[in-house]
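As C-alpha coordinates, the structure follows; a few thoughts come after it.
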Amino acid sequence: MKQQTFALLLAAATALPLSGQETGKSWSLEDCISYALEKNIQLRQDRISLQEAEVDVKTAQAALFPTLSFGTTHTLMNRPNQQQSNTVSGTEIITSNEKNTYNGNYSLNAQWTVWNGGRLQKNIKTQQTNRDIARLAVTQTENTLQEEITKLFIQLLYADESVRIHQRTLEVSRATCERGRELWQAGSLSKADLAQLEAQVSSDEYQLVSAESALRNYRVQLKQLLELDPDQDFCLQLTEPDDEKVLQLLPDQGDVYAAALAQRPEIQSGHLSIENAQRAIATAKAGYLPTISLSGSVSSTTNSASTYGWATQLKNGWNNMLGISLSLPLFDGRQNKSNVQKARLQFDSSQYALENKRKELYATIESLWTDALNAQQQFRAAEAKLNSCQTSFDMVSEQFTLGMKNTVELLTEKSNLLNAQQERVQAKYMALLDRTLLDFYAGKGISL
(Lines give C-alpha, C1' and ligand atoms only; values in the text may rest on other atoms or scores of the structure.)
Protein backbone atom coordinates (compact mmCIF):
# COMPACT_ATOMS: atom_id res chain seq x y z
CA MET A 1 0.00 0.00 0.00
CA LYS A 2 2.82 2.38 0.84
CA GLN A 3 4.58 1.57 -2.40
CA GLN A 4 1.37 2.39 -4.29
CA THR A 5 1.09 5.69 -2.42
CA PHE A 6 4.61 6.65 -3.38
CA ALA A 7 4.05 5.46 -6.92
CA LEU A 8 1.05 7.76 -7.19
CA LEU A 9 3.13 10.57 -5.78
CA LEU A 10 5.78 9.82 -8.35
CA ALA A 11 3.29 9.71 -11.18
CA ALA A 12 1.77 13.00 -10.11
CA ALA A 13 5.19 14.39 -9.24
CA THR A 14 4.60 17.61 -7.25
CA ALA A 15 4.90 21.33 -6.84
CA LEU A 16 7.42 24.05 -6.34
CA PRO A 17 9.29 23.99 -3.03
CA LEU A 18 7.03 25.60 -0.47
CA SER A 19 9.73 27.34 1.51
CA GLY A 20 9.63 30.40 -0.68
CA GLN A 21 5.99 30.54 -1.75
CA GLU A 22 4.40 32.33 1.19
CA THR A 23 5.30 34.71 3.93
CA GLY A 24 4.48 34.23 7.60
CA LYS A 25 5.17 31.38 9.98
CA SER A 26 7.30 28.54 8.66
CA TRP A 27 5.94 25.18 9.88
CA SER A 28 8.25 22.28 10.74
CA LEU A 29 7.02 18.76 11.43
CA GLU A 30 7.24 19.46 15.16
CA ASP A 31 5.17 22.64 14.71
CA CYS A 32 2.47 20.74 12.85
CA ILE A 33 2.26 18.05 15.51
CA SER A 34 2.19 20.53 18.41
CA TYR A 35 -0.55 22.55 16.75
CA ALA A 36 -2.67 19.46 16.04
CA LEU A 37 -2.34 18.18 19.61
CA GLU A 38 -3.69 21.50 20.84
CA LYS A 39 -6.38 22.32 18.28
CA ASN A 40 -7.70 19.07 16.80
CA ILE A 41 -11.47 18.77 17.27
CA GLN A 42 -11.55 15.00 17.76
CA LEU A 43 -8.87 15.31 20.42
CA ARG A 44 -10.86 18.02 22.18
CA GLN A 45 -13.92 15.78 22.18
CA ASP A 46 -11.88 12.93 23.68
CA ARG A 47 -10.69 15.28 26.42
CA ILE A 48 -14.30 16.21 27.17
CA SER A 49 -15.11 12.50 27.46
CA LEU A 50 -12.23 12.21 29.93
CA GLN A 51 -13.70 15.03 32.01
CA GLU A 52 -17.08 13.27 31.97
CA ALA A 53 -15.37 10.10 33.21
CA GLU A 54 -13.86 12.10 36.08
CA VAL A 55 -17.37 13.24 37.03
CA ASP A 56 -18.61 9.63 36.95
CA VAL A 57 -15.87 8.64 39.42
CA LYS A 58 -16.94 11.35 41.85
CA THR A 59 -20.59 10.30 41.47
CA ALA A 60 -19.72 6.66 42.25
CA GLN A 61 -17.70 7.70 45.30
CA ALA A 62 -20.54 9.88 46.59
CA ALA A 63 -22.92 6.89 46.46
CA LEU A 64 -21.14 5.46 49.54
CA PHE A 65 -22.56 8.24 51.71
CA PRO A 66 -26.12 8.76 52.93
CA THR A 67 -28.54 10.96 51.04
CA LEU A 68 -30.31 13.76 52.86
CA SER A 69 -33.31 15.70 51.63
CA PHE A 70 -35.71 18.27 53.00
CA GLY A 71 -39.38 18.21 52.08
CA THR A 72 -42.33 20.39 52.86
CA THR A 73 -45.97 20.41 51.75
CA HIS A 74 -48.56 23.12 52.28
CA THR A 75 -52.29 22.43 51.98
CA LEU A 76 -55.22 24.83 51.97
CA MET A 77 -58.50 22.97 52.61
CA ASN A 78 -61.99 24.39 52.04
CA ARG A 79 -65.13 22.79 53.60
CA PRO A 80 -68.01 25.01 52.44
CA ASN A 81 -70.80 22.76 53.80
CA GLN A 82 -69.22 21.38 56.95
CA GLN A 83 -70.08 23.07 60.25
CA GLN A 84 -67.38 21.44 62.35
CA SER A 85 -64.34 19.23 61.68
CA ASN A 86 -61.80 17.31 63.70
CA THR A 87 -58.22 17.28 62.36
CA VAL A 88 -55.17 15.48 63.69
CA SER A 89 -52.10 17.73 63.56
CA GLY A 90 -49.07 16.16 65.15
CA THR A 91 -50.20 15.09 68.66
CA GLU A 92 -53.09 17.52 68.69
CA ILE A 93 -56.72 16.89 67.73
CA ILE A 94 -58.09 20.16 66.46
CA THR A 95 -61.79 20.85 66.44
CA SER A 96 -62.73 23.70 64.16
CA ASN A 97 -65.78 25.16 62.44
CA GLU A 98 -63.73 27.24 60.06
CA LYS A 99 -64.46 26.60 56.41
CA ASN A 100 -60.83 27.21 55.32
CA THR A 101 -57.85 25.63 57.05
CA TYR A 102 -54.14 25.62 56.25
CA ASN A 103 -51.88 22.70 57.02
CA GLY A 104 -48.07 22.57 56.75
CA ASN A 105 -45.77 19.53 56.86
CA TYR A 106 -41.99 19.68 57.23
CA SER A 107 -39.62 16.71 57.03
CA LEU A 108 -35.93 15.91 56.84
CA ASN A 109 -35.23 12.47 55.34
CA ALA A 110 -32.03 10.39 55.18
CA GLN A 111 -31.35 7.19 53.24
CA TRP A 112 -28.20 5.05 53.35
CA THR A 113 -27.41 1.80 51.60
CA VAL A 114 -25.23 0.07 54.16
CA TRP A 115 -24.40 -3.03 52.11
CA ASN A 116 -25.47 -4.37 48.74
CA GLY A 117 -22.95 -7.11 48.10
CA GLY A 118 -20.08 -4.68 47.50
CA ARG A 119 -21.59 -3.32 44.30
CA LEU A 120 -21.01 0.29 45.33
CA GLN A 121 -17.29 -0.29 45.89
CA LYS A 122 -16.99 -2.26 42.67
CA ASN A 123 -18.73 0.53 40.76
CA ILE A 124 -16.14 3.02 42.04
CA LYS A 125 -13.31 0.85 40.71
CA THR A 126 -15.17 0.38 37.43
CA GLN A 127 -15.61 4.11 36.97
CA GLN A 128 -11.96 4.72 37.83
CA THR A 129 -10.97 2.16 35.19
CA ASN A 130 -13.31 3.82 32.69
CA ARG A 131 -11.57 7.10 33.45
CA ASP A 132 -8.18 5.51 32.76
CA ILE A 133 -9.54 4.06 29.49
CA ALA A 134 -10.79 7.53 28.51
CA ARG A 135 -7.35 8.95 29.24
CA LEU A 136 -5.79 6.27 27.05
CA ALA A 137 -8.28 7.13 24.30
CA VAL A 138 -6.88 10.66 24.35
CA THR A 139 -3.36 9.29 24.02
CA GLN A 140 -4.41 6.98 21.19
CA THR A 141 -5.95 9.89 19.26
CA GLU A 142 -2.74 11.85 19.81
CA ASN A 143 -0.71 8.94 18.42
CA THR A 144 -2.97 8.61 15.40
CA LEU A 145 -2.67 12.32 14.68
CA GLN A 146 1.12 12.20 14.93
CA GLU A 147 1.31 9.23 12.57
CA GLU A 148 -0.99 10.82 9.98
CA ILE A 149 0.85 14.14 10.08
CA THR A 150 4.22 12.41 9.81
CA LYS A 151 3.09 10.37 6.79
CA LEU A 152 1.79 13.47 5.01
CA PHE A 153 4.86 15.52 5.89
CA ILE A 154 7.25 12.87 4.56
CA GLN A 155 5.12 12.58 1.42
CA LEU A 156 5.53 16.33 1.04
CA LEU A 157 9.30 15.99 1.42
CA TYR A 158 9.28 13.29 -1.23
CA ALA A 159 7.10 15.38 -3.51
CA ASP A 160 9.27 18.46 -3.04
CA GLU A 161 12.42 16.56 -3.99
CA SER A 162 10.62 15.03 -6.95
CA VAL A 163 9.80 18.52 -8.18
CA ARG A 164 13.46 19.46 -8.07
CA ILE A 165 14.28 16.37 -10.10
CA HIS A 166 11.73 17.39 -12.75
CA GLN A 167 13.06 20.95 -12.73
CA ARG A 168 16.60 19.75 -13.39
CA THR A 169 15.32 17.33 -16.03
CA LEU A 170 13.49 20.16 -17.77
CA GLU A 171 16.60 22.34 -17.67
CA VAL A 172 18.60 19.54 -19.30
CA SER A 173 15.88 19.01 -21.92
CA ARG A 174 15.83 22.70 -22.81
CA ALA A 175 19.62 22.84 -23.07
CA THR A 176 19.65 19.68 -25.21
CA CYS A 177 16.89 21.07 -27.41
CA GLU A 178 18.79 24.31 -27.86
CA ARG A 179 21.90 22.36 -28.84
CA GLY A 180 19.78 20.25 -31.21
CA ARG A 181 18.46 23.42 -32.85
CA GLU A 182 22.04 24.56 -33.44
CA LEU A 183 22.90 21.18 -34.97
CA TRP A 184 19.80 21.33 -37.17
CA GLN A 185 20.74 24.80 -38.38
CA ALA A 186 24.20 23.46 -39.13
CA GLY A 187 22.66 20.57 -41.03
CA SER A 188 23.90 17.92 -38.62
CA LEU A 189 20.44 17.02 -37.27
CA SER A 190 17.21 16.21 -39.04
CA LYS A 191 14.00 18.10 -38.55
CA ALA A 192 12.38 14.94 -37.18
CA ASP A 193 15.07 14.58 -34.52
CA LEU A 194 14.66 18.23 -33.54
CA ALA A 195 10.90 17.69 -33.26
CA GLN A 196 11.56 14.79 -30.87
CA LEU A 197 13.70 17.03 -28.68
CA GLU A 198 11.04 19.76 -28.67
CA ALA A 199 8.36 17.20 -27.80
CA GLN A 200 10.51 16.00 -24.90
CA VAL A 201 10.69 19.57 -23.55
CA SER A 202 6.90 19.83 -23.71
CA SER A 203 6.56 16.46 -21.97
CA ASP A 204 8.93 17.50 -19.19
CA GLU A 205 7.08 20.80 -18.76
CA TYR A 206 3.82 18.87 -18.37
CA GLN A 207 5.37 16.52 -15.81
CA LEU A 208 6.67 19.49 -13.83
CA VAL A 209 3.26 21.19 -13.83
CA SER A 210 1.64 17.96 -12.66
CA ALA A 211 4.24 17.63 -9.96
CA GLU A 212 3.64 21.17 -8.73
CA SER A 213 -0.11 20.57 -8.66
CA ALA A 214 0.28 17.35 -6.67
CA LEU A 215 2.51 19.04 -4.10
CA ARG A 216 -0.07 21.76 -3.60
CA ASN A 217 -2.72 19.08 -3.10
CA TYR A 218 -0.65 17.40 -0.40
CA ARG A 219 -0.14 20.72 1.29
CA VAL A 220 -3.93 21.23 1.29
CA GLN A 221 -4.41 17.77 2.83
CA LEU A 222 -2.00 18.61 5.63
CA LYS A 223 -3.66 21.99 6.14
CA GLN A 224 -7.05 20.30 6.41
CA LEU A 225 -5.69 17.73 8.85
CA LEU A 226 -4.45 20.59 11.03
CA GLU A 227 -7.89 22.25 10.65
CA LEU A 228 -6.39 25.58 9.60
CA ASP A 229 -8.53 28.31 8.10
CA PRO A 230 -8.57 28.25 4.28
CA ASP A 231 -7.08 31.76 4.04
CA GLN A 232 -4.36 31.18 6.64
CA ASP A 233 -0.77 31.30 5.42
CA PHE A 234 0.88 27.90 5.52
CA CYS A 235 4.56 27.82 4.65
CA LEU A 236 6.38 24.56 5.34
CA GLN A 237 10.00 23.89 6.23
CA LEU A 238 10.78 21.20 3.67
CA THR A 239 14.40 20.46 4.45
CA GLU A 240 15.90 17.48 2.68
CA PRO A 241 16.94 14.89 5.29
CA ASP A 242 20.46 13.55 5.47
CA ASP A 243 21.03 10.28 3.62
CA GLU A 244 22.86 8.93 6.68
CA LYS A 245 19.57 8.87 8.62
CA VAL A 246 18.04 6.78 5.86
CA LEU A 247 20.73 4.12 6.24
CA GLN A 248 20.84 4.02 10.03
CA LEU A 249 20.85 0.55 11.57
CA LEU A 250 17.29 -0.56 12.21
CA PRO A 251 16.27 -1.36 15.81
CA ASP A 252 15.63 -4.98 16.69
CA GLN A 253 12.11 -5.96 15.71
CA GLY A 254 11.52 -7.84 18.97
CA ASP A 255 12.69 -4.89 21.05
CA VAL A 256 10.31 -2.56 19.23
CA TYR A 257 7.41 -4.94 19.78
CA ALA A 258 8.21 -5.36 23.48
CA ALA A 259 8.41 -1.60 23.96
CA ALA A 260 5.15 -1.10 22.07
CA LEU A 261 3.36 -3.71 24.19
CA ALA A 262 4.45 -1.87 27.32
CA GLN A 263 3.39 1.63 26.32
CA ARG A 264 0.93 1.66 23.40
CA PRO A 265 -2.45 2.98 24.66
CA GLU A 266 -4.55 0.48 22.69
CA ILE A 267 -2.80 -2.40 24.49
CA GLN A 268 -3.10 -0.79 27.92
CA SER A 269 -6.76 -0.04 27.23
CA GLY A 270 -7.30 -3.71 26.36
CA HIS A 271 -5.89 -4.79 29.72
CA LEU A 272 -8.14 -2.33 31.54
CA SER A 273 -11.18 -3.59 29.63
CA ILE A 274 -10.41 -7.12 30.86
CA GLU A 275 -10.19 -5.80 34.43
CA ASN A 276 -13.59 -4.16 34.03
CA ALA A 277 -15.04 -7.36 32.59
CA GLN A 278 -13.75 -9.37 35.57
CA ARG A 279 -15.27 -6.83 37.94
CA ALA A 280 -18.54 -6.96 36.04
CA ILE A 281 -18.77 -10.71 36.76
CA ALA A 282 -18.34 -10.07 40.49
CA THR A 283 -20.90 -7.27 40.35
CA ALA A 284 -23.41 -9.50 38.58
CA LYS A 285 -22.91 -12.25 41.19
CA ALA A 286 -23.57 -9.69 43.93
CA GLY A 287 -27.13 -9.50 42.61
CA TYR A 288 -27.83 -12.75 44.48
CA LEU A 289 -26.88 -11.14 47.81
CA PRO A 290 -29.18 -9.16 50.11
CA THR A 291 -29.25 -5.38 50.34
CA ILE A 292 -29.32 -3.67 53.73
CA SER A 293 -30.45 -0.06 54.00
CA LEU A 294 -30.96 2.41 56.79
CA SER A 295 -33.50 5.23 56.70
CA GLY A 296 -34.37 8.00 59.07
CA SER A 297 -36.44 11.13 59.18
CA VAL A 298 -37.60 13.97 61.42
CA SER A 299 -40.87 15.76 60.70
CA SER A 300 -43.52 18.05 62.11
CA THR A 301 -46.81 19.67 61.11
CA THR A 302 -48.68 22.91 61.65
CA ASN A 303 -52.35 23.79 61.24
CA SER A 304 -53.98 27.20 61.06
CA ALA A 305 -56.93 26.05 63.19
CA SER A 306 -54.72 25.17 66.16
CA THR A 307 -54.91 27.30 69.30
CA TYR A 308 -51.12 27.03 69.65
CA GLY A 309 -48.54 29.20 67.92
CA TRP A 310 -46.44 28.06 64.96
CA ALA A 311 -43.33 27.29 67.03
CA THR A 312 -45.30 25.39 69.66
CA GLN A 313 -47.02 23.32 66.97
CA LEU A 314 -43.65 22.41 65.48
CA LYS A 315 -42.41 21.33 68.88
CA ASN A 316 -45.53 19.37 69.81
CA GLY A 317 -45.77 17.70 66.38
CA TRP A 318 -42.10 16.77 66.19
CA ASN A 319 -41.44 13.06 65.49
CA ASN A 320 -38.33 11.00 64.74
CA MET A 321 -38.14 7.83 62.66
CA LEU A 322 -35.30 5.32 62.18
CA GLY A 323 -35.70 2.21 60.06
CA ILE A 324 -33.69 -0.67 58.65
CA SER A 325 -34.65 -2.70 55.61
CA LEU A 326 -33.43 -6.00 54.21
CA SER A 327 -34.05 -7.00 50.60
CA LEU A 328 -33.23 -10.53 49.48
CA PRO A 329 -33.93 -11.61 45.88
CA LEU A 330 -35.81 -14.90 45.79
CA PHE A 331 -37.15 -15.06 42.27
CA ASP A 332 -36.12 -12.41 39.77
CA GLY A 333 -37.17 -13.87 36.43
CA ARG A 334 -33.61 -15.11 35.73
CA GLN A 335 -32.21 -11.56 35.71
CA ASN A 336 -29.20 -12.24 37.93
CA LYS A 337 -28.29 -15.49 36.17
CA SER A 338 -28.50 -13.80 32.77
CA ASN A 339 -26.38 -10.89 34.03
CA VAL A 340 -23.67 -13.26 35.22
CA GLN A 341 -23.64 -15.18 31.93
CA LYS A 342 -23.45 -11.98 29.88
CA ALA A 343 -20.63 -10.66 32.07
CA ARG A 344 -18.64 -13.86 31.51
CA LEU A 345 -19.19 -13.64 27.76
CA GLN A 346 -18.01 -10.02 27.81
CA PHE A 347 -14.90 -11.13 29.70
CA ASP A 348 -14.12 -13.69 26.99
CA SER A 349 -14.76 -11.07 24.30
CA SER A 350 -12.38 -8.62 26.02
CA GLN A 351 -9.63 -11.23 26.07
CA TYR A 352 -10.08 -11.94 22.37
CA ALA A 353 -10.10 -8.21 21.61
CA LEU A 354 -6.78 -7.76 23.42
CA GLU A 355 -5.24 -10.72 21.62
CA ASN A 356 -6.38 -9.28 18.32
CA LYS A 357 -4.83 -5.90 19.18
CA ARG A 358 -1.55 -7.62 20.00
CA LYS A 359 -1.56 -9.43 16.66
CA GLU A 360 -2.37 -6.23 14.78
CA LEU A 361 0.42 -4.41 16.59
CA TYR A 362 2.92 -7.16 15.77
CA ALA A 363 1.82 -7.22 12.13
CA THR A 364 2.21 -3.43 11.89
CA ILE A 365 5.70 -3.47 13.41
CA GLU A 366 6.78 -6.44 11.31
CA SER A 367 5.54 -4.72 8.15
CA LEU A 368 7.30 -1.45 9.04
CA TRP A 369 10.54 -3.26 9.83
CA THR A 370 10.47 -5.35 6.65
CA ASP A 371 9.55 -2.38 4.47
CA ALA A 372 12.29 -0.27 6.06
CA LEU A 373 14.90 -2.98 5.46
CA ASN A 374 13.76 -3.46 1.85
CA ALA A 375 13.75 0.30 1.26
CA GLN A 376 17.29 0.62 2.62
CA GLN A 377 18.51 -2.11 0.30
CA GLN A 378 16.65 -0.55 -2.62
CA PHE A 379 18.19 2.81 -1.76
CA ARG A 380 21.71 1.41 -1.88
CA ALA A 381 20.99 -0.30 -5.21
CA ALA A 382 19.33 2.85 -6.56
CA GLU A 383 22.39 4.91 -5.55
CA ALA A 384 24.64 2.65 -7.58
CA LYS A 385 22.21 2.61 -10.52
CA LEU A 386 21.92 6.42 -10.45
CA ASN A 387 25.68 6.87 -10.54
CA SER A 388 25.90 4.51 -13.49
CA CYS A 389 23.01 6.18 -15.34
CA GLN A 390 24.43 9.63 -14.67
CA THR A 391 27.80 8.64 -16.09
CA SER A 392 26.16 7.02 -19.12
CA PHE A 393 23.94 10.03 -19.77
CA ASP A 394 26.84 12.46 -19.48
CA MET A 395 28.83 10.46 -22.01
CA VAL A 396 25.93 10.11 -24.47
CA SER A 397 25.03 13.78 -24.08
CA GLU A 398 28.57 14.80 -24.88
CA GLN A 399 28.64 12.46 -27.88
CA PHE A 400 25.30 13.85 -29.04
CA THR A 401 26.72 17.34 -28.90
CA LEU A 402 29.57 16.14 -31.12
CA GLY A 403 27.09 14.47 -33.46
CA MET A 404 28.21 10.96 -32.54
CA LYS A 405 24.88 9.83 -31.00
CA ASN A 406 21.39 10.19 -32.35
CA THR A 407 18.31 11.62 -30.63
CA VAL A 408 16.78 8.24 -29.73
CA GLU A 409 19.92 7.18 -27.88
CA LEU A 410 20.06 10.47 -26.00
CA LEU A 411 16.39 10.38 -24.96
CA THR A 412 16.75 6.76 -23.89
CA GLU A 413 19.64 7.60 -21.58
CA LYS A 414 17.77 10.63 -20.29
CA SER A 415 14.73 8.46 -19.48
CA ASN A 416 16.96 5.92 -17.73
CA LEU A 417 18.51 8.69 -15.64
CA LEU A 418 15.11 10.09 -14.64
CA ASN A 419 13.88 6.64 -13.66
CA ALA A 420 16.99 6.06 -11.57
CA GLN A 421 16.53 9.40 -9.80
CA GLN A 422 12.91 8.61 -9.05
CA GLU A 423 13.72 5.10 -7.79
CA ARG A 424 16.35 6.55 -5.45
CA VAL A 425 14.09 9.22 -3.98
CA GLN A 426 11.22 6.75 -3.62
CA ALA A 427 13.38 4.27 -1.69
CA LYS A 428 14.85 7.10 0.37
CA TYR A 429 11.55 8.38 1.71
CA MET A 430 10.05 4.92 2.08
CA ALA A 431 12.97 4.03 4.36
CA LEU A 432 12.70 7.33 6.20
CA LEU A 433 8.97 6.93 6.83
CA ASP A 434 9.18 3.33 8.04
CA ARG A 435 12.21 4.06 10.23
CA THR A 436 10.50 7.09 11.79
CA LEU A 437 7.36 5.11 12.58
CA LEU A 438 9.43 2.25 14.03
CA ASP A 439 11.06 4.69 16.43
CA PHE A 440 7.63 6.07 17.30
CA TYR A 441 6.25 2.63 18.12
CA ALA A 442 9.32 2.03 20.27
CA GLY A 443 8.36 5.12 22.30
CA LYS A 444 11.12 7.43 21.05
CA GLY A 445 8.87 10.14 19.63
CA ILE A 446 8.84 11.55 16.10
CA SER A 447 11.69 13.54 14.61
CA LEU A 448 13.26 13.89 11.20
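The values are calculated or read from the model by the stated rules, or taken from the named source; none is laboratory data. Keep in mind that what you see is a predicted model, and the values were worked out from it rather than measured. For neighbour counting, all protein chains shown are included, and Cβ atoms are generated from backbone atoms with ideal geometry for every residue, glycine included. What goes into the accessible areas is simple: the full protein's heavy atoms, side chains included, and nothing from ligands, DNA or RNA. Shrake-Rupley method; radii C 1.70, N 1.55, O 1.52, S 1.80 Å.
Tabulated results
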| item | result |
| --- | --- |
| TRP310 paired with LEU249, simple spin-label distance in nm, labels 7 Å along Cα-to-beta-carbon | 8.9 nm |
| For the chain, accessible area per residue (1.4 Å probe, heavy atoms of protein chains only), Å² | 54 Å² |
| Among LEU361, LEU194, LEU43: highest mean-square fluctuation, GNM of the chain, C-alpha pairs under 10 Å | LEU194 |
| Cα centroid of the stretch 378-448 to Cα centroid of the stretch 136-184, whole Å | 13 Å |
| Net length gained if the chain between ARG79 and LEU37 were fully extended (0.36 nm per residue, minus Cα distance) | 8.0 nm |
| Theoretical gain in end-to-end length, SER392 to GLN377 [0.36 nm per residue, Cα-Cα removed] | 3.1 nm |
| Residues of the stretch 254-296 with amide N under 12 Å of the 7 Å Cα→Cβ point at THR139 | 260-272 |
| Listed residues THR407, THR139, THR150, most fluctuating in the chain (Gaussian network, C-alpha, under 10 Å) | THR407 |
| Net charge, LYS342 excluded, C-beta distance under 15 Å - Lys, Arg +1, Asp, Glu -1 | +3 |
| Virtual spin-label span in nm between ALA384 and GLN61, 7 Å along Cα→Cβ | 6.6 nm |
| Expected 222 nm ellipticity per residue - DSSP helices of 4 or more, -39500 (n - 2.57), all of the chain, to 500 | -23000 deg cm²/dmol |
| Extension gain from ALA192 to TRP112, taking 0.36 nm per residue of separation minus the Cα-Cα distance | 18.8 nm |
| Surface share of carbon and sulfur [accessible, 1.4 angstrom probe, percent] for the chain | 53 percent |
| DSSP-loop trypsin sites (Lys or Arg not before Pro) across the stretch 271-354, with at most 16 other Cβ within 10 angstrom | ARG334 |
| Convex hull per residue volume in Å³, alpha carbons only, for the stretch 208-357 | 409 Å³ |
| Efficiency of FRET from Cβ geometry, TRP318 and GLU148, R₀ 56 Å, rounded to 0.05 | 0.20 |
| For LEU189, residues with placed amide H under 5 Å, excluding near neighbours | TRP184 |
| At R0 = 41 Å, FRET efficiency that the Cβ-Cβ distance of GLU30 and GLN351 yields, to 0.05 | 0.60 |
| Eligible aspartates and glutamates near LYS428 by straight Cα distance, threshold 17 Å, same-chain separation 8 or greater | ASP160, GLU161, GLU240, ASP242, ASP243, GLU244, ASP371, GLU383, ASP439 |
| Efficiency of FRET from Cβ geometry, LEU326 and TYR102, R₀ 41 Å, rounded to 0.05 | 0.55 |
| Candidates SER28, SER190, SER162, ranked by Gaussian network fluctuation over the chain, Cα under 10 Å, top entry | SER190 |
